[in-house]
Amino acid sequence: MINASIFGFFNDWMTSFAQMPNGHIWIYIVLGLIIFVETGLVIFPFLPGDSILFFVGSLAAMSNGKLSILLLMLVMGALAFLANLLNYEIGRKFGDVIPNHPMLSRFLKPEYMDDAHRFFEKWGSWAIFLGRFMPIIRTVVPFTAGAGKMPHKKFVFFNLLGGFAWVMVALGAGYFFGNIAWVKKNFEVVMIAIVVISLLPAVIGGLNSYMKRKNA
């Protein structure tokens, strides 16, 4: 599973940083970069933001104050908000270009766009908030909102709510549950389970789309 292998790479990377004298500073930088790229650049929907946030939350609980969970929530929430705002603006300016580009369309697949459109049809403006908690969808929804010319003020409101809620839930879960004895002992299993569970909505959506096309 590509997402699990990517998480393993970042897991080892973050652990190495945590063991360095000033490694906690690099954790802020690298985590911020991951969050910004995953949610801000529409062609990178596969980065494991949920899992990395959870993992860093657990590191914060063990860092003896070197990693501030409140500062992490504030900084990562702000970056998540700004990244989605960038994604929205990209959608407004290039919403008709990127999905048809011969190279970029390999990353922004038609099924991703279809899933995002259906998500919008079901949830309306709340899709901006709820999409934060779904891999792939959280990257494509702001682009779709921009391409569909969703009112700027409305997008900003739901983007602000969703960005900070997503970061607080993922970091908070890692902070409070990542250091339970059983979780620490089986950390890799837990992380893989989080990746699998987070991918379920996308898998189910893909299966539904396939069955509809098959029965059409």
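The values are calculated or read from the model by the stated rules, or taken from the named source; none is laboratory data. Small disclaimer: the values here were computed from a predicted structure and weren't measured. We place every Cβ from the backbone using ideal geometry, glycine too, and count neighbours over all the protein chains shown.
Some observations on this one:
- Residue match in segment 78-91 (condition: in a loop (DSSP other than H, G, I, E, B), at pLDDT below 90 and over 15 Å from the mean Cα position of the chain (by Cα)): no
- Residues satisfying the stated conditions in segment 120-173, i.e. closer than 20 Å to Ile98 by Cβ and among the aromatic types (Phe, Trp, Tyr): Phe120, Phe143, Phe155
- Out of Asn159, Asn186, Asn179, sole residue that is modelled with pLDDT of 85 or more and closer than 30 Å to Ser68 by Cβ: Asn159
- For segment 96-134, a residue qualifies if it is modelled with pLDDT under 75 and among the aromatic types (Phe, Trp, Tyr), and the qualifying residues are Phe107, Tyr112.
- Subset of segment 62-97 [of a type in the set (Val, Ile, Thr), more than 17 Å from Arg138 (Cα to Cα) and in contact (Cβ under 8 Å) with a residue 40 or more places away in the chain]: Ile69, Val75
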